[in-house]
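The values are calculated or read from the model by the stated rules, or taken from the named source; none is laboratory data. Given the structure is predicted, the values throughout are model-derived calculations rather than measurements. Cβ placement follows ideal geometry from the backbone for every residue including glycine, while neighbour counts extend to all protein chains displayed. SASA here: full protein model, heavy atoms, side chains in, ligands and nucleic acids out. Shrake-Rupley method; radii C 1.70, N 1.55, O 1.52, S 1.80 Å.
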Number of protein chains: 4
Amino acid sequence: MKALVLEKAGQLTLRDIYIEEHLGPDDVRIKVHTVGICGSDVHYYRHGAIGPFVVKHPMVLGHEASGTVVEVGKGVKHLKVGDRVCMEPGIPDPNSRATRLGMYNLDPDVRFWATPPVHGCLRETLVHPGMLVFKLPENVGFDEGALTEPLAVGVHAVRKAQIKPGDVALVIGTGTIGMVTAMAAAAGGCSNVIVADIVQEKLDLASSLGMISINVGREDLNEMVSDATDGWGADVIFEASGSAAGVSGVFEPLCPGGRVVFIGMPTRPVPVDIVAAQVKEARIEAIFRYAHAYSRALLLMESGKVNLKPLVTDRYRFEDSIKAFQYAANPRPSSVKTVIEL
Amino acid sequence: MKALVLEKAGQLTLRDIYIEEHLGPDDVRIKVHTVGICGSDVHYYRHGAIGPFVVKHPMVLGHEASGTVVEVGKGVKHLKVGDRVCMEPGIPDPNSRATRLGMYNLDPDVRFWATPPVHGCLRETLVHPGMLVFKLPENVGFDEGALTEPLAVGVHAVRKAQIKPGDVALVIGTGTIGMVTAMAAAAGGCSNVIVADIVQEKLDLASSLGMISINVGREDLNEMVSDATDGWGADVIFEASGSAAGVSGVFEPLCPGGRVVFIGMPTRPVPVDIVAAQVKEARIEAIFRYAHAYSRALLLMESGKVNLKPLVTDRYRFEDSIKAFQYAANPRPSSVKTVIEL
Amino acid sequence: MKALVLEKAGQLTLRDIYIEEHLGPDDVRIKVHTVGICGSDVHYYRHGAIGPFVVKHPMVLGHEASGTVVEVGKGVKHLKVGDRVCMEPGIPDPNSRATRLGMYNLDPDVRFWATPPVHGCLRETLVHPGMLVFKLPENVGFDEGALTEPLAVGVHAVRKAQIKPGDVALVIGTGTIGMVTAMAAAAGGCSNVIVADIVQEKLDLASSLGMISINVGREDLNEMVSDATDGWGADVIFEASGSAAGVSGVFEPLCPGGRVVFIGMPTRPVPVDIVAAQVKEARIEAIFRYAHAYSRALLLMESGKVNLKPLVTDRYRFEDSIKAFQYAANPRPSSVKTVIEL
Amino acid sequence: MKALVLEKAGQLTLRDIYIEEHLGPDDVRIKVHTVGICGSDVHYYRHGAIGPFVVKHPMVLGHEASGTVVEVGKGVKHLKVGDRVCMEPGIPDPNSRATRLGMYNLDPDVRFWATPPVHGCLRETLVHPGMLVFKLPENVGFDEGALTEPLAVGVHAVRKAQIKPGDVALVIGTGTIGMVTAMAAAAGGCSNVIVADIVQEKLDLASSLGMISINVGREDLNEMVSDATDGWGADVIFEASGSAAGVSGVFEPLCPGGRVVFIGMPTRPVPVDIVAAQVKEARIEAIFRYAHAYSRALLLMESGKVNLKPLVTDRYRFEDSIKAFQYAANPRPSSVKTVIEL
């Protein structure tokens, strides 16, 4: 089987690889169709590690995938050969304490695609537990199927935020995660979603999707949010930039009793003004990936409330995977998501 | 000042009336423009009472109103003469325990328009506390302004339901309240809203507004909800019919861990199968009017997420108010909301 | 192995029985020490059925048990031979949707001791999944170990009630479940717990445990709760009687915005005044058994915040099990819990 | 009227002062009996300012007070002359948006005793809105009455933490606020409360009150919390030290899905490891004073669940007020709360 293998930092090979995979009774085998390139894939490609996770052996990249079912275990009832599907990339221990409490994303033993030493999904086929494989609705294509993974992050963030109908949300950062979070917030009950970044091309895309865009390189964020909310502040703020500036300034445009969701992951500790959070009694949710979010993400796409198509800005064939990564490491400003088609 | 006065059960007069109203520093005077007729108005008209509230003296009807500001108290900063506005019809005691806790709708001393002995708003002008008067956004007309009142009920119900993004909702009953609740649920984060009733004309309207309609006179509600949710059940059920059948059967189409919101008000105790609620661990919210919902309702209309225009099915001039009530007491099946224009 | 077998309604035998039980790697084998008799055991004994659950074949009774570990599967790390333990009686499917969401008590496929056709624990030994076996703290005896099961119901009810510190709770009914709920409410943050019943002997016990007792046969419940709360009403009401009167009257002594937890299971639908719930915007939680409550119950006993010893009012030896059931079917008024020691 | 006046930083005078106070219909006049010295009082005494709040004119200190009602406005129904009472020190605008939403502590226009330019309560009498004056239960003395103010902070923190019965709490810091928070957590549903500090005398007091004490100067906090929770971590952590170390390390001993409450107010921004919060999906509540907490605090004292007497370690007469402040600025290690009796 052919796969895109990260041999070591900076060195990608598209080559044959043997991965032993047994199809158990609760598993399905999937022919991979489309894989999105995530920032973490690019980070492993460039640096060979993310924090404590170090690539010590050749590892297949990719964790955002859609495909077609080619074989079904006997115990799997909700899928059949030929179904177009997307897959959750993390396999938790069903008996861990966190999993049993419903928070399987916090299980320390979760095995997650393309997090060393676990192989990712940029390969021709893979075997996966049926429970983590979701049939795509008819109106959801392979592109959006692959992007269900980042959308699940946005849906999880919005769920944690406990949106009340008519809330005004502010999303800081317009990377893929910022974009899907803004979309999930709009679909999830907000009346208005304000998006802040310094890349005008991305802000233009956000505007075309119905968001209110603020270029914080030229405009005063706090003043504009205040104006947009009669001086009250945003009800919910999603920090999706992971930047020190984004995190440190997050309480300023917030309303009294507002909520902040930390999605972006700063690479080091960031100075936080605790008193600024206290005088507004901010409730802060720190989130990590998602749990029980895929079926919700798919329902929102099926009903037309979220449409991920505009986020796919760049496309490569499997044989050009290495070029795709070279591009994704240094993309055009207007680029949101690069996908690879197998 | 001319007003539509309920002299006693069954007897309406459009006549001059004197209501002493002093414009305090925190008040505004409003020229009334549009008033919606609510089921409670019709009930007072027909029966002269609702439960313990008995019309003992002539009373002006109406509590769903929009209008134009004609005079502003010195302490009111957010409004000026000429502003198009809508008004919350209930004035709570700001110092009651319920009000201070944020639940002013539960203040037993609230003075609510057209709830005896308080006069309603079907009159040329009225004075109201500025705090309960809301400026209409540019894209919101007087019709929708008047209908902000029922929409606030829907918004409050959805807020209490604590929608998670992608939830599937079922709304039982397609009267005005059922319709606005369905709209608020769709705008408030649900992926799909299923609406159930026996009046096909109303269901057709709901379908045209994007809802999934079920005619429970001909179709099996539980089966259809089960099919629409892969056998899991609806995440949230809004009981907006107030009928015994609606209330008694409400736990059947519910998912495990689902939520039920009782909006409709049955006229007498209804048999409830507590065990049916227990085996699903239903969380049930009983709601009463709304609190802090007007600004949210207006934001949802301003952003285009809720459009109440299709709900205004019948219109009368002020001089034909009595005809309007005669009609509203016995409307066409397709009628949702009758409004009176002053 | 000897066991107390319900042959059919009304006919108990203490006899040898063969139950095939294989000790898997994640299981432990337990020598049963103490078993509490629950109302449901007595109901099966008298009627041979509870609702849809019918005893069609001889079935061992009992589901409230403590014992000693005598054999440990290879995968079980938290237990060793000789440990004194208590056991959750319901074994859910770890992969059901409800279980994965953290609500394993709502899994329709749960296998629960002494719910036909599953054998209960009134037998010499049993094999159980290690995950559902909990080590008893040093200060917790076998009696309290067996009663961890009903306490878990109370802990679950209190958790669902979302107690705020200083809440005043009312518990309706002083059977075992009412008593443990009152104890859990007191330990769980309430300032005062009021207990209502008509059996003075039980109310005397509640008083001796620090509760405020009201004999509703002679005293006016609503008036007394009103007096005890400056006219505001109880913050939380736990309905633990399962009686029609308890359920129907539950909203009267409630405060605005209060919570009601339905624990008791009425045998048929009960008339409920929905409007009475609405004018107070009651939040109602219907609960079923418990999930993730055992470790909490044990921590509360270990720390001395809950002491179940006073609830064990009657004790029988295993050889007198049939007498124990005859007694439990018709106990003294002061009887709370009858236990059988093996 | 005599009062303890802060003339400027470092200069206190006990002298006559005239404060114009009119007794309105909803007010009561109180003869002050006992006043606790708070860290903020000492801070104003030493530095003349806290952040943006600068003492520009002579100001009476003190905001933790109990006393006796000596005059009652006509509209006040719940109090009479001679009642022993305690008082909330902050008077919010009843019509502010925050107040109406139930969060009056976040009203930016709140007038709070001994926050410039508002005079505090270290004076012979004062007039206060009846709504903010609470009758002391019989078993609550003037000392505990004065300390209701800090206890309200602890009760508010515990309420925000949404304790589940049996939670294990960790409180960082054993100043007055740490101590009352630990007490409120124990009364509010926690099975065990662990208290961490470096002052052994305070830890000894905490131990004598039933807490588990950890001296972080000599012991490893994370290891000990891990041991006490079978490796899971604390369910709730209250940061009451306001120190950079306390804030920065707060996610380490936390369990997955745990909650952190920031009560202590660091004097400057503190480096926070956002990723450490994310991998546990911490929910963080930043709190500011309290709202609707006094009546809860008094109920917990009335029922005997919280006893503040052991916290009063030092006592001065009014004529020795200046000595009291000199002491409080440099107290014995075992000192928790210094009170002044008028």
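Being closer than 20 Å to D:Val279 by Cα and not hydrophobic (A, V, I, L, M, F, W, C) is the filter here; which residues of segment A:31-63 pass it?
A:Gly39, A:Ser40, A:Asp41, A:His43, A:Tyr44, A:Gly51, A:Pro52, A:His63
Just wondering, is there one or more residues in segment A:315-326 that are assigned to a loop (DSSP other than H, G, I, E, B) and either within 14 Å of chain B (Cβ to nearest Cβ) or on the phi < 0 side of the Ramachandran plot (or both)?
So in segment A:315-326, the residues assigned to a loop (DSSP other than H, G, I, E, B) come out as none.
Among the residues of segment A:315-326, not one is assigned to a loop (DSSP other than H, G, I, E, B) and either within 14 Å of chain B (Cβ to nearest Cβ) or on the phi < 0 side of the Ramachandran plot (or both), which makes the answer no.
Please work out which residue is nearest to B:Lys77 (Cα to Cα), limiting yourself to segment A:231-247 and to residues that are more than 9 Å from chain D (Cβ to nearest Cβ) and in a loop (DSSP other than H, G, I, E, B).
Of segment A:231-247, the ones more than 9 Å from chain D (Cβ to nearest Cβ) are A:231, A:233-238, A:240-241, A:243-246.
Restricting the remaining residues to those that are in a loop (DSSP other than H, G, I, E, B) gives A:231, A:233, A:240-241, A:243.
On the way: A:Gly231: 13, A:Gly233: 19, A:Ala240: 36, A:Ser241: 38, A:Ser243: 39 Å.
Taking the candidates together, the pick is A:Gly231.
I'd like to check something: does segment B:275-282 contain any residue that is of a type in the set (D, E, K, R), open to solvent by less than 50 Å² (accessible area, probe 1.4 Å) and within 15 Å of the chain's Cα centre (by Cα)?
no
I'd like the full set of residues that are away from chain A (no Cβ under 13 Å) and in contact with a strand residue (DSSP E or B) (Cβ under 6 Å, 6 or more places away or on another chain), limited to segment B:294-312.
Those that are away from chain A (no Cβ under 13 Å) and in contact with a strand residue (DSSP E or B) (Cβ under 6 Å, 6 or more places away or on another chain): B:Leu311, B:Val312.
Count, please, the residues in segment A:263-273 that happen to be closer than 14 Å to A:Ser241 by Cα and either assigned to a strand (DSSP E or B) or more than 7 Å from chain D (Cβ to nearest Cβ) (or both).
5
Among the candidates C:Ala276, C:Ala291, which residue alone is modelled with pLDDT of 95 or more and within 14 Å of chain D (Cβ to nearest Cβ)?
Exactly one of C:Ala276, C:Ala291 is modelled with pLDDT of 95 or more and within 14 Å of chain D (Cβ to nearest Cβ), namely C:Ala291.
Within the set of pairs 6+ apart or on separate chains, which have a first residue in segment A:72-90 that is free of Cβ contacts under 8 Å to residues at least 60 places away in the same chain and under 17 Å from A:Arg296 (Cα atoms), a second that is open to solvent by less than 50 Å² (accessible area, probe 1.4 Å) and in a strand (DSSP E or B), and C-beta atoms under 7 Å apart?
Qualifying pairs under 7 Å: A:Met87/A:Ile30; A:Met87/A:Ala65; A:Met87/A:His128; A:Met87/A:Val133.
Given the conditions (1) within 14 Å of chain C (Cβ to nearest Cβ); (2) over 30 Å from A:Gly242 (Cα atoms); (3) open to solvent by less than 10 Å² (accessible area, probe 1.4 Å), and given that D:Ile214 satisfies all but one, which numbered condition is not satisfied?
(1)
With open to solvent by 10 Å² or more (accessible area, probe 1.4 Å), in contact (Cβ under 8 Å) with a residue 40 or more places away in the chain and not β-branched (Val, Ile, Thr) as the only criterion, which of A:Glu341, A:Glu239 stands out?
Within the list A:Glu341, A:Glu239, the selection yields A:Glu341.
Give the residues of segment B:64-121 that are out of contact with any helix residue (DSSP H, G or I) (no Cβ under 9 Å at 6 or more places or on another chain), under 22 Å from B:Arg159 (Cβ atoms) and away from chain D (no Cβ under 14 Å), sorted by residue number.
B:Phe112, the sole residue that qualifies.
Can you go through B:Val225, B:Val260, B:Val250 and tell me which one is open to solvent by less than 10 Å² (accessible area, probe 1.4 Å), at pLDDT 95 or above and part of a loop (DSSP other than H, G, I, E, B)?
Just one listed residue meets the conditions, B:Val250.
Test B:Pro333 against the stated conditions and say whether it is more than 23 Å from C:Ile263 (Cα to Cα) and either within 14 Å of chain A (Cβ to nearest Cβ) or not basic (Lys, Arg) (or both).
yes
Output yes when any residue across segment C:21-33 is more than 20 Å from the chain's Cα centre (by Cα), of a type in the set (A, V, I, L, M), farther than 24 Å from C:Ala291 by Cβ and open to solvent by 20 Å² or more (accessible area, probe 1.4 Å), and no when none is.
Among the residues of segment C:21-33, at least one is more than 20 Å from the chain's Cα centre (by Cα), of a type in the set (A, V, I, L, M), farther than 24 Å from C:Ala291 by Cβ and open to solvent by 20 Å² or more (accessible area, probe 1.4 Å), which makes the answer yes.
Scan segment A:92-108 for residues that are among the acidic types (Asp, Glu) and within 20 Å of the chain's Cα centre (by Cα) and jot them down. Step through it out loud before you land on a result.
Start the filter on segment A:92-108 by keeping residues that are among the acidic types (Asp, Glu), which leaves A:93, A:107.
Correct list: A:Asp107 only.
Being within 17 Å of C:Ile37 (Cβ to Cβ) and open to solvent by less than 40 Å² (accessible area, probe 1.4 Å) is the filter here, so list the residues in segment C:296-319 that pass it.
Matches in segment C:296-319: C:Leu308, C:Leu311, C:Val312, C:Asp314, C:Phe318.
Output the residues belonging to segment B:41-56 that are more than 14 Å from chain C (Cβ to nearest Cβ) and open to solvent by 60 Å² or more (accessible area, probe 1.4 Å). Spell out how you get there, then give the answer.
Within segment B:41-56, the subset more than 14 Å from chain C (Cβ to nearest Cβ) is B:41-42, B:44-49, B:54-56.
Within segment B:41-56, B:Arg46, B:His47, B:Val54, B:Lys56 qualify.
Please verify whether segment B:167-179 includes one or more residues that are among the hydrophobic types (A, V, I, L, M, F, W, C), within 16 Å of B:Ala297 (Cβ to Cβ), open to solvent by less than 30 Å² (accessible area, probe 1.4 Å) and part of a helix (DSSP H, G or I).
yes
Among the strands (runs of 3 or more DSSP E) confined wholly to segment C:57-150, which include 3 or more residues that are crowded, with 21+ Cβ neighbours inside 10 Å and in contact with an Asp or Glu (Cβ under 9 Å, 6 or more places away or on another chain)?
The qualifying strands (runs of 3 or more DSSP E) are C:64-72.
Taking segment D:19-54, which residues are out of contact with any Asp or Glu (no Cβ under 9 Å at 6 or more places or on another chain) and part of a loop (DSSP other than H, G, I, E, B)?
D:Ile19, D:Glu20, D:His22, D:Gly24, D:Pro25, D:Asp26, D:Gly48, D:Gly51, D:Pro52
So, in segment A:193-222, how many residues would count as being part of a helix (DSSP H, G or I) and out of contact with any strand residue (DSSP E or B) (no Cβ under 9 Å at 6 or more places or on another chain)?
As a first pass, look at segment A:193-222 and keep what is part of a helix (DSSP H, G or I): A:200-208, A:221-222.
Okay, now just the ones that are also out of contact with any strand residue (DSSP E or B) (no Cβ under 9 Å at 6 or more places or on another chain), so A:201, A:208, A:222.
Result for segment A:193-222: 3.
Tell me which of these B:Ile163 doesn't satisfy, since it passes every other one: (1) assigned to a strand (DSSP E or B); (2) open to solvent by less than 30 Å² (accessible area, probe 1.4 Å).
If we test B:Ile163 against (1) assigned to a strand (DSSP E or B); (2) open to solvent by less than 30 Å² (accessible area, probe 1.4 Å), just (1) comes out false.
Between A:Asp107, A:Asp143, which is within 19 Å of D:Val279 (Cα to Cα), touching a strand residue (DSSP E or B) at 6+ places or on another chain (Cβ under 9 Å) and among the acidic types (Asp, Glu)?
Exactly one residue qualifies, and that residue is A:Asp107.
Residues in segment C:195-206: is at least one over 22 Å from the mean Cα position of the chain (by Cα) and open to solvent by less than 10 Å² (accessible area, probe 1.4 Å)? I'd like the intermediate steps shown before the answer.
Residues of segment C:195-206 over 22 Å from the mean Cα position of the chain (by Cα): none.
Scanning segment C:195-206 turns up no residue that is over 22 Å from the mean Cα position of the chain (by Cα) and open to solvent by less than 10 Å² (accessible area, probe 1.4 Å).
Could you please find all residues in segment B:263-274 being under 23 Å from the mean Cα position of the chain (by Cα), open to solvent by 30 Å² or more (accessible area, probe 1.4 Å) and of a type outside the set (A, V, I, L, M, F, W, C)?
First, the residues of segment B:263-274 that are under 23 Å from the mean Cα position of the chain (by Cα): B:263-270.
From the residues that got through so far, the ones that are open to solvent by 30 Å² or more (accessible area, probe 1.4 Å) too are B:265, B:267-269.
B:Thr267, B:Arg268, B:Pro269, listed by residue number.
Can you pull out the residues in segment D:154-182 that are within 14 Å of chain C (Cβ to nearest Cβ), within 27 Å of D:Arg332 (Cα to Cα) and either free of Cβ contacts under 8 Å to residues at least 12 places away in the same chain or polar (S, T, N, Q) (or both)?
D:Thr181
So, A:Gly36, is that one closer than 28 Å to A:Glu319 by Cβ, touching a residue at least 40 places away in the same chain (Cβ under 8 Å) and open to solvent by less than 20 Å² (accessible area, probe 1.4 Å) or not?
Spelling it out, A:Gly36 is indeed closer than 28 Å to A:Glu319 by Cβ, touching a residue at least 40 places away in the same chain (Cβ under 8 Å) and open to solvent by less than 20 Å² (accessible area, probe 1.4 Å).
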